[in-house]
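Coordinate-derived values only; no laboratory data. Just so it is clear, the model here is predicted, and its values are computed rather than measured. Virtual Cβ from ideal backbone geometry, glycine too; neighbours counted across all protein chains shown.
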Ligand code: SF4
Ligand code: SF4
């Protein structure tokens, strides 16, 4: 049976602007029915890296906040810290970036709560028993929320082809250590020249796999479990993250984390996706390259697989724009594979469907 995906295009008029369309999509997809009075409702957002300008605008998020309040829920915005050392790698920097990008409480009407806390260590291990992971580390604020509404910016992605709802919750709500395990099959390495022998990582490592030897730390690979905790704690960035994994494996790992995020929600999850500013890279980039296709519209669904499939299909059907990373290939049918020829982005959809997170079979309902 196909899942319902509601769609509003970009056309507007005096009595129906794009913000009003967000309200209509929220209502059509029945998101209010996901919320019981007093529920903590996590709104998964991406506030954008400093320098990025194409994340979902705070005005749209404000509309969702107001709808959740009208349904008697307690909304808060959330995201987990990043693995890389950018402007959102800890809660202090992350919150400052959120405010600078327009997500202050006064603007969006709700607080931002960083899902995995000050340094990325505030997570809950969720048992999943899947192909890559027995347990996944989910930011505790997201885990403990009663309901989840995911607000995604659909765009290209350098590691998985595109980023949509599955990526937003799977990678996005994984703790920093979870992100290390999704991004890499390899264990971290110490850059001995940078190490100041402060000893902080030796105290932090949950496996006691690091020791100070002579004037720098050394990781015992036989004991290390590759959790990535040490990469978070080093104050001088002397523990290098290995970013190596295959595009297929990282997609499956993301989906296993999405499975962990949704496992405790009892179906109280909704997904809102903006197909606007479809940049080749994700919003973790500190820039926003020219969009690959014209703005298409906004989707809402209760099914994360169906909404990602629908968004991908709409982009594939759209004309490619000149002067973009598509180069001369503006009429190529698959924009994402044109930009990232080595990535089969369909893996994440097929694996999510196999795990029962939703279906790729959808019915597009135009509002
Ligand atoms: S990756 Fe985890 S187990 Fe390995 S050395 Fe770092 S903190 Fe310890
Ligand atoms: S935390 Fe960093 S600087 Fe300190 S001992 Fe570990 S690797 Fe070296």
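Quick notes on this one:
- Relative to the longest principal axis of the Cα atoms of the chain, the long axis of helix 58-70 makes an angle of roughly 80 degrees.
- Cα gyration tensor category, rounded, prolate or oblate, for region 96-168 with a/c compared to 1.5: oblate
- Three-way shape label, region 80-123, alpha-carbon gyration tensor, a/c 1.5: oblate
- Dividing the summed helix terms, -39500 (n - 2.57) for each DSSP H run of n ≥ 4, by the number of residues in the chain produces a 222 nm estimate of -8500 deg cm²/dmol to the nearest 500.
- Sequence-separation-based contact order of region 1-139, relative, with Cα cut under 8 Å and 6+ spacing, percent: 19
- Percent RCO, i.e. relative contact order, over region 187-240, from Cα pairs under 8 Å lying at least 6 residues apart: 46
- Summary value for the chain: 22 percent relative contact order, contacts being C-alpha pairs under 8 angstrom separated by 6+ residues.
- Tilt relative to the chain, helix 304-317 - C-alpha long axis, 0 to 90 degrees, to 10: 70
- Angle in degrees between helix 18-28 and the longest Cα principal axis of the chain, rounded to the nearest 10: 90
- Ordering of 194-207, 272-285, 26-39 by burial proxy (mean other Cβ atoms within 10 Å per residue, highest first): 272-285, 26-39, 194-207
- Considering only the chain, percent of DSSP beta bridges that pair antiparallel, nearest 5: 55
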